[in-house]
Structures are given as C-alpha cells and as structure tokens.
Amino acid sequence: MWNTLSRMLQTGVLTEPLPAAGQTAPDLETMQTELLEIVGRALCIRHVDAGSCNGCELEIQALNNPYYNLEGAGIKFVASPRHADLLLVTGPVSVNMEEALQRTYNAMPDPKFVVAVGDCGGCGGVFGTSYASRGGVANVIPVNYTVTGCPPSPAAIISGILRTVRPRSSRA
Amino acid sequence: MATDFMELQPAALPANIRSHRFRVNRVQWLQTAETLKRRNARLLTLWGTDDRDRDGGFRIYAAYLLPEMVMVVEHFMDDSPLPSYPSLAGLYPAALRMQRGMTDLFGIATDEADSRGWLRHGGWPQTLFPLRRDFDGSRQYPAVSAPYAFVSVEGDGVHEIAVGPVHAGTIEPGHFRFSVVGEKVLRLEESFGYTHKGVAKLFESASQQEGHRLAARVSGDSAVAFSWAYCAALESITETACPARALALRALALEQERLANHLGDLGALGNDGGFAFGLTQFSRLKEDLLRTNIKAFGARYLMDYVVPGGVAVDLTADARGLLLDLYDALEPALTQMRCIYDEHAGLQDRFRETGRLEQATAETLGAIGLVARASGIACDLRVDHPWAPYDSLSPKLTVQAGGDVAARVQVRFDEILESLRLCRVLLSAVPQDGIRSAVPMANPGALGIGLVEGWRGPVMLALETGPNGSIRRCHAHDPSWQNWPLVEYAVLGNIVPDFPLINKSFNLSYSGQDG
C-alpha cells in the first residue's frame, strides 16, 4: 500500500488540456456545457473495429491514459451501441464485418454520429477495395467525420470527435 | 518406413536465419513431419502457391523450426478439380486452422474430417478461391450469410454464451462461443476471420520496393517485426547487406515495440484484475515511450520505419539522449510497479492458477513465443537463432514455469527489463555507417524467408519474387495462429468472468491471423 501511495504522489496529475477542435481551443467547462446542450449528458462512444490492423485501436485506447484523460472531460466509452451517441469505426470495412457494422449502427438511438478513424476508415488505406474489403466506412454506413492518419494520433482523434459533435457555428 | 529427411537433397534458402528447402512427394510430406516431430521441431507456418501458370499445379509449403535451422518442406500437387495433401494436424494440431484457411483461399484440401471454412464467411462464392492466380482480387461479391457450425455441448444445465464479433471494449473482432455450466467453462470454441482483408492477394499487386508497407499492417502492433521480416526476406534474396547502423536501429525499434506492447498489456492486465491503478500507471509509461518514439523515429507507431535496405529515419544524438532518459525513468518505475503487483493480494488472487496452460499441453499443441515461454518452454529466435545484430547482443532468455496468467505477467516484466538492457547496449555503440543500402531488383521466381522474434513470438514471412520487381506471392504469418487454439484450453474449468483476463494475458492478434 505504501508503494502504491508513494507511486501516486510521485506521478501527480498529468492530464493535459484538450487539443483544439477548431481554431480556438475550448476550455473544459465550455466543452462540457456544449456537450450537455447537444446530448444532455456525457458523450457516449461505442468503438467498432470493422477490420483494422489494430494500430488505430492502440491510439483509441490511449485516449484514456492520464495525459488525454478523455473520460475526465465527460466523454466515455460504452459497451453497448444502445447507449452510444457516437460510433468510432476503424479499419477498412472487411466483407466479413460488414453486417456486424451495419447492425451496430442500426442499434444506436438517434441522433447519432459516426467518426471514421484512420486512413483505412477513410478510404480503405493500403487495403483499398477488394474481394475481402468494402473500403472506407462511408461505403457501408453514413459518416460524419473522418480522422486521417496511419494511425492517427490520440490528439487528432479527440479533435475529430469534438469537431463532429460541436455545433456548426463554433466549428473552424 | 520413415524417410530420414537428411537423405533428401537440401537446398539452401535465402533467409536471415539458416534455412533449407526440401522437395518431397505426397508420402514423404507426412513422413518428414513425423521425423521432425520426433526431433522436437516446431511448426512455424504453412502456405500454398498456385503455380498452374508455371508448371501446371499447386504447391504446399511447411516451415519447421529446428535447433540448428529452419526447414522448409515443399510438396507439388498436380492440377485437379480439388487438389489435396495429407493433413499435418494429427502431428501438429496448430496446422488445422492454417489448412482450413488454405482450403478457403486456394481450394486445396486435406484428408482432415473438419472441413468447415475458416476465413471465408460467405463474402465470396464458395466455388471461387481468392489466391488462385486467375481470381480477380478487385471484384466485389454480395455477402451471403453463412452461419458457423459450432460444436454443441449437451447435458443438464449446459448453456451457450455467444460473444462477438463486436466486443465490449476497444479491441478487435472475433467470435467466442462458450458452453458453460453455471459460471464454469466446459468448452470454448473460437471463430475468426472477421478482419480478413485479403492481404496475401494485395501483395501480388505490390512491388518489391513497397511490400514492406503492407507487411507492417498485417498486425499493426507488430509493425516493426513484420516489416523487418519482409525486408529480411527481400534482402536475403537480393544478397543486400544492410549497413550495421541500420540493423542496430531496427533492433532498437523492435525492442521499443516489445516495450510498448508489454507496458500496455501489464496495465490492461492490472485493470482486468480489478486494479485500475495499474492501467493508469502503465498507460502513462507507454505514452512516455510513444512520445519519445516521435522524436527518435519520427512516429509514435513505427509503421513505415523499416524499409528495404535499412531504415527510413536516422537517429540523432539528441534522440539518443532522450531514449536513454526514457530508459532511466522506465526502469525504476517498472521495478516499483512490479513490487506493487507482486504484493497486491487481490491482484495475485486473480492472476495465480488462472488460465493455466500446462507445459505438456503447450508442447503438444505447438505453443510459440511469449505464451510458450510462460509455460516453461525455452524458445526465442533472438537467443536460439540470433540474426544480426542480435548475434552480438547475447539476449537473455526468459522462462516461467507456471503457465498461468501470473506467469505471463512475469514473463512480460522480465522481458521489459531485458529489452531495456538490449536498448542500452545498442545505444552504447551505434555504428556510424549509413542507414540504407540500395536493394536491386530481385530475379523472378526466387523464394526467401524472413524470421523475426516479435513481441508475441516468431513472425515469419515467405517472399517469392515475380518479374520486373513484382511480388509473385508473399505469405506473412503471425504467431497468433499457433497460440489462439491454446486459449481454448487455458480457459477450461475457469469461470466466465476470468475470460477477459486470460484472453488479455495471451493478447493475440485477430488481424494477424485473419490476414
């Protein structure tokens, strides 16, 4: 126990300001107020890997490390699409995941957002479109925003999420 | 009468680890496997080729790892409506899924009773085989629902729990079918292939100079291992000598990849054991490492760092200092965290005796890599078959006998400490020659092998060249193929809520095995 406490004290608070969604960086309070206006509570995200190489998953997992601390900003990952406002989709959509992705999307309540993550989610990336891949996420379900990169950094993913949900007037 | 494979005519095969190639007939295919099994050879991978355009048939290759070399056994089959070869699964159970995958992709079959599809879920017609050369890889087919025939368990109180393909966390897709009584797991059956992206077919339209980019994305968390294996195969075929500096930097990148994944896993394992503090701490340490990667290698994840002939970015003196600072911070943090994990009664209660994979089971089923080392099997390519620069680093082997989650945690702790040592040795004297040699165009029809011990285990890549700098066939193999079936054994008798913990302790790749 002493070790654990001492480690906590040594580490301190590492959380950094959120990256900017547009040209102006929102402070935490503004963003939380905006999120409350849009979704009425914390923003809930469901992630679906539709066939990625697992690189993007690593960066999405990083969103909850102490530096980005996304959950501290009122954005959390949920286990069921029924609880989700936003679907974060990675990978080119493999033919074998097409139906599962569609069903996950259909299970979400309206209003809903979809963010495609990574070059593959955007256009299929190095995998393109083939007998086994439908290419970008937009070929299978409607997409609101695409975060490019291979894999995109956690900061880019957060910016993408914020750009998607912030009211149009405040977007860059 | 068994044939001693040494009586066959071996031919040296271009590879970064001493490799030989043997051509065998149908009878010898099984006989060599028997002989090799007796010599405790491990099955590394199986792959096929469609050579009807060249000599009117198909080929099947099996690569085995022996203490003294890698043996690639090659068998030619005449073209027929359904070419077949004897199944190796009786001797090497890990071969079963690879063979089923090959049936889906090539239409070459075995005499095995389990003829269910593995990678094809109904996304293309069953009469078409994507890796045949006359298959148009760019063509799309409407998906047809093709339910998987799971083995059902019957009896009083037995029920099934279906999990996936979409899982409750930020992880890859796959399906797990549990047959349980109460909370106890009687049987687990995996069904994969959901992330099949047709990588092998895509290689056929890539050039030799750009294939490493695709290889790196077979399993993104092992990008350095796969791209190095690709480059090692190409460089062996073309007899390209990489600068010593490039090799040292590749090893540095490979160890950084091992560190990043082990740190991530240790955090996730703490979290799955109900100790969120572990996740917070380790995810912080991992982030520190990834941020240093940007300055040292130009990216957080080194997807395009290893390139044919060398590496893409040189290491500056400043970056060298940053890496050494990182290691100086990591080591005491790790020692302290290990102490916290070891002394945490609640965590140890979850880790110990959970998901036990006995050494005998691991041996029989052909475990490799980290999972094998946690079940008392001493195997690590860096130690057993050191290629440059590992031949001058004397890496230390890590083995734990327990076979449970606790053992797989300890192997990770030990390997992090050893990787830190290797990285410091590498940085102590980075050679001063260049970072990249020119790689000439390879002659068509050459076969080469690249083998690299990634953080999960041996990553193997077989490359066959085509004309004008093209790739005729490239087979990239992730060690998850061998280790996924072991998860089905490790969970037996455990309770369902321990499955996430057990699964995480293996942390296998879905994308790597789906291809």
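Values in this text are rule-based calculations from the coordinates and carry no lab data. Since this is a predicted model, take the numbers as computed values, not measurements. Positions of Cβ are generated from backbone atoms using ideal geometry, with glycine treated the same way; all protein chains shown enter the neighbour counts.
How do A:ILE141, B:ILE161 line up, fewest other C-beta atoms within 10 Å first?
B:ILE161, A:ILE141
Set the Förster distance to 22 Å, then compute FRET efficiency between B:GLN432 and B:ASP328 from the Cβ-Cβ distance, nearest 0.05.
0.35
Given a Förster distance of 51 angstrom, what is the FRET efficiency for B:ARG424 paired with B:VAL496, based on the Cβ-Cβ distance and rounded to 0.05?
Here the calculated transfer efficiency is 0.75.
Binning at 5 angstrom from zero up to the longest distance, how are the C-alpha pair distances of region A:97-161 distributed in percent?
Spelled out per bin, shortest first, that is 4, 18, 25, 24, 19, 9, 1.
Can you return the aspartates and glutamates within cross-link range of B:LYS197? Criterion is Cα-Cα under 16 Å, with same-chain partners fewer than 8 residues away left out.
The qualifying aspartates and glutamates are A:ASP49, A:GLU98, A:GLU99, A:ASP119, B:ASP104, B:ASP136, B:GLU172, B:ASP478, B:ASP514.
Provide a whole-number value for the mean count of partner chain Cβ atoms within 10 Å of the Cβ atoms in peptide B:183-189. Don't skip to the end; give the middle numbers.
On the way: counts 0, 0, 0, 0, 0, 0, 0.
Per-residue shielding by partner chains comes out at 0.
Pull up the cross-link candidates among the aspartates and glutamates for B:LYS396, meaning alpha carbon to alpha carbon under 18 Å and not fewer than 8 places away within one chain.
Cα-Cα hits under 18 Å: B:GLU255, B:GLU257, B:GLU331, B:ASP380, B:ASP384, B:ASP414, B:GLU415, B:GLU418, B:GLU453.
Among the lysines, which fall within straight-line cross-link reach of A:LYS112, defined as a Cα-Cα distance under 26 Å, with same-chain neighbours fewer than 8 residues apart omitted?
Once the sequence-local lysines are set aside, what remains near A:LYS112 is A:LYS76.
Note down the Stokes-Einstein diffusion coefficient of region B:305-438 in µm²/s, whole number, using a Kirkwood radius over alpha carbon pairs, 25 °C, and 0.890 mPa s.
143 µm²/s
Order these peptides, A:106-119, B:316-329, by their mean beta-carbon neighbour count within 10 angstrom, highest first.
A:106-119, B:316-329
Pick out, from B:LEU323, B:THR45, B:SER375, the residue whose Cα sits farthest towards the positive end of the charge dipole of the protein assembly as shown, with +1 on the Cβ of Lys and Arg and -1 on the Cβ of Asp and Glu.
B:LEU323
Given 20 °C and 1.002 mPa s, compute D for chain B with the Stokes-Einstein relation, Rh being the Kirkwood radius over Cα pairs; round to the nearest whole µm²/s.
Using the Kirkwood radius from Cα pairs, D works out to 91 µm²/s.
Which order do B:HIS121, A:HIS83 fall in if you start with the one that has the fewest other Cβ atoms within 10 Å? Present the calculation step by step, with values, prior to reporting the outcome.
Details: B:HIS121 26, A:HIS83 14.
Listed from fewest to most nearby Cβ atoms, that is A:HIS83, B:HIS121.
How crowded by other chains is B:134-144, given as the mean number of beta carbons from other chains within 10 Å of each beta carbon? Walk me through the numbers before you get to the answer.
On the way: counts 0, 1, 2, 5, 4, 3, 9, 3, 2, 6, 0.
Partner-chain Cβ atoms within 10 Å, mean over residues of B:134-144: 3.
Using a simple spin-label model with points 7 Å from Cα along the Cα→Cβ vector, what separation in nm is obtained for A:TRP2 and A:LYS76?
3.6 nm
Cα atoms only: what Rg and Dmax, in Å, come out for region B:5-110?
13.3, 39
Over region B:407-459, how many percent of alpha carbon pairs lie in each 5 Å bin up to the one with the longest distance?
Reading upward from the zero bin: 4, 12, 12, 16, 17, 15, 10, 9, 5, 1.
Hey, could you grab the Kirkwood Rh for the protein assembly as shown? Inverse mean 1/r over distinct alpha carbon pairs, Å, one decimal.
Roughly 25.7 Å, rounded to one decimal.
Which one of B:VAL24, B:PRO389, A:GLN61 is farthest out on the positive end of the charge dipole of the protein assembly as shown, using unit charges on Cβ (Lys, Arg +1; Asp, Glu -1) and the Cα centre as origin?
A:GLN61
Amide H to amide H under 5 Å from B:ARG187: which residues, 5+ apart in sequence or cross-chain, H placed 1.01 Å off N in plane?
Here the answer is B:SER179, since their amide H atoms fall under 5 Å of that of B:ARG187.
Could you please report the charge total around B:THR103, scoring K, R as +1 and D, E as -1 over all other residues with beta-carbon less than 14 angstrom from its beta-carbon?
Charge balance in the 14 Å sphere: 0.
Report the percentage of all Cα-Cα pairs in region A:44-167 whose separation exceeds 20 Å, rounded to a whole percent.
36 percent
Put a dot 7 Å past each Cα toward the Cβ at B:ALA345 and B:ALA276; how far apart are the dots in nm?
Computed distance between label sites B:ALA276 and B:ALA345 equals 2.3 nm.
When A:MET31, B:MET102, A:MET1 are ordered from fewest to most other Cβ atoms inside 10 Å of their Cβ, what list results?
A:MET1, A:MET31, B:MET102
Under unit Cβ charges (Lys, Arg +1; Asp, Glu -1), what dipole magnitude, rounded to 20 debye, does region B:5-110 have relative to its Cα centre?
Magnitude of the dipole: close to 440 debye.
How much length is gained if the chain between B:LEU91 and B:GLN126 is pulled fully straight, taking 0.36 nm per residue apart and subtracting their Cα-Cα distance, in nm to one decimal?
On the way: separation 35, 0.36 × 35 = 12.60 nm, distance 2.83 nm.
Gain on extension, B:LEU91 to B:GLN126, equals 9.8 nm.
In units of 2.2 N^0.38 Å, what is the alpha-carbon radius of gyration of region B:56-97? Could you put the intermediate results ahead of the total?
Numbers: Rg = 12.4 Å, N = 42, 2.2 N^0.38 = 9.1 Å.
Dividing the Cα Rg of region B:56-97 by 2.2 N^0.38 Å gives 1.36.
In peptide B:118-126, what is the residue-averaged number of other protein chain Cβ atoms found within 10 Å of each Cβ?
Rounded to a whole number, the mean comes out at 3.
Just to be sure I understand the curve: with the Debye formula and one point per C-alpha of region B:126-260, what is log10 I(q)/I(0) at q = 0.09, 0.10, 0.16, 0.19 Å⁻¹?
Log10 of I(q)/I(0), two decimals: -0.49, -0.58, -1.01, -1.14.
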